[in-house]
Amino acid sequence: MKKLSIILLLISIFYKANAKNTTDSYRKTMTASYNNISVDVIVDKPSNDDLDVLVLFHGTVLYDENILTAANKTLDKFKAILDRKDMLLISVAYPEENMILGDNIKQAEAALLWIKYKASQELGIQVKKIFMAGHSQGGYIVTRLNTMHTTNGVIANAPGPLNLVYRCELEEKGKIKQSINCTKLRNTYGSTDSNPEAYMQRSLLNFTSGFKSDILFVQGLKDSPIQLYSWPAFKQKILNCKDCQKTVFAEIPEGEHTSLFTSQLAQLEFNNFINQR
């Protein structure tokens, strides 16, 4: 009996030790690959293994040497406003340098599909619900992904660029400062006057139907004039959508471009949207 008791004690210690190992919390950077497309992701895991996931997408970064920093900052900002402390957060360091705006949807999609179909095995966890959230160009990314793949819900804060024809035409006429994105488009497609369709195809105004999951749009009404110029048309096109899942708009009267992170009203909408799904 004494020997049996010792064996049982050792077995108990073994299982407790292994249980502790599988529930450790951590943050790490790794490479996610799906269909031969790879992208770096930052994984922030709480101390449990059956996990809902919030997939995050940063705003515009001009140089790829800065995208991991941007992805980490984005993760920190969303983690700070998220009420739930039991979610796995994965911030996607999608590339931008040497790309025409919108081409990085391939890396963003690869990250999402890796989370849906490979992350459970590679991270030793059980992925349950999947939500996406993005700020600025990250909001553009998650809105486009919502026309491609089903998740449990999507949040887009100040998504854009909404209208590249308008934005890049202002640059061509010298009314605003030149940007890398419009310069790349002009070098590839010509001017907005000669080829407006190419610019509109990459604008978020071109992705306002076919939403596969519920989506929350957060928009500060004191954002930049360029963003607000096209916001009413963007909103109306979505309201007119006949093949979209539920769309929710949270317009923040005093909110600027980062209103999701500065407005209590926006944060309440954000958390309610996730908790209700």
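Values quoted throughout were computed directly from the atomic coordinates according to the rules given, and no laboratory measurement underlies them. These numbers come from a predicted model, not from an experiment. Note: ideal-geometry Cβ built from the backbone for every residue, glycine included; neighbour counts use all protein chains shown.
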**OP:** Report, to the nearest 10°, how far helix 225-239 tilts away from the longest principal axis of the Cα atoms in the chain, using its own Cα long axis and a range of 0 to 90°.
**Re:** 70
**OP:** Report, by chain and number, residues whose modeled amide H sits under 5 Å from the one on residue 34, excluding near sequence neighbours (fewer than 5 apart, same chain).
**Re:** none
Subject >> Sequence ranges 134-144, 84-94, 33-43, ranked by mean other-Cβ count within 10 angstrom, highest first >> reply: 134-144, 84-94, 33-43
Original post:
Using the Karplus equation 6.51 cos²θ - 1.76 cosθ + 1.60 (θ = phi - 60°), what ³J(HN,Hα) coupling, rounded to whole Hz, does each residue of segment 75-85 give in order, writing x for Gly and Pro?
Top reply: 4, 4, 5, 5, 4, 5, 9, 7, 5, 6, 10
Original post:
In sequence order, what are the phi-derived ³J(HN,Hα) couplings for segment 116-129 according to the Karplus relation 6.51 cos²θ - 1.76 cosθ + 1.60 with θ = phi - 60°, rounded to whole Hz, with x for glycine and proline?
Top reply: 5, 10, 10, 4, 4, 6, 6, 9, x, 10, 10, 6, 10, 6
Original post:
Looking at the chain, what % of its DSSP beta bridges pair antiparallel, to the nearest 5?
Top reply: 30
**OP:** Sum up the charges of everything whose Cβ sits under 12 Å from the Cβ of residue 149, counting Lys and Arg as +1 and Asp and Glu as -1, but leave residue 149 out.
**Re:** +2
Original post:
Under a plain spin-label model, where a point goes 7 Å from the Cα along Cα-to-Cβ, how far apart in nm are residue 173 and residue 79?
Top reply: 4.5
**OP:** Return the long-range amide H neighbours of residue 52 (sequence gap of 5 or more, or a different chain), with a cut-off of under 5 Å between placed amide H atoms.
**Re:** 88, 128, 129
Original post:
What whole number of Å gives the distance from the Cα centroid of segment 114-152 to the Cα centroid of segment 204-251?
Top reply: 20
Subject >> Angle in degrees between helix 264-275 and the longest Cα principal axis of the chain, rounded to the nearest 10 >> reply: 50
Original post:
If one takes the longest principal axis of the Cα atoms in the chain, at what angle in degrees, from 0 to 90 and to the nearest 10, does the Cα axis of helix 2-22 lie?
Top reply: 10
**OP:** Return an integer: the convex hull volume of the alpha-carbon atoms of the chain, in Å³ per residue.
**Re:** 143
Original post:
Going down the list 175/235; 128/235; 73/212; 106/212; 184/246, which pairs span over 24 Å between their C-alpha atoms?
Top reply: 175/235; 128/235; 73/212; 184/246
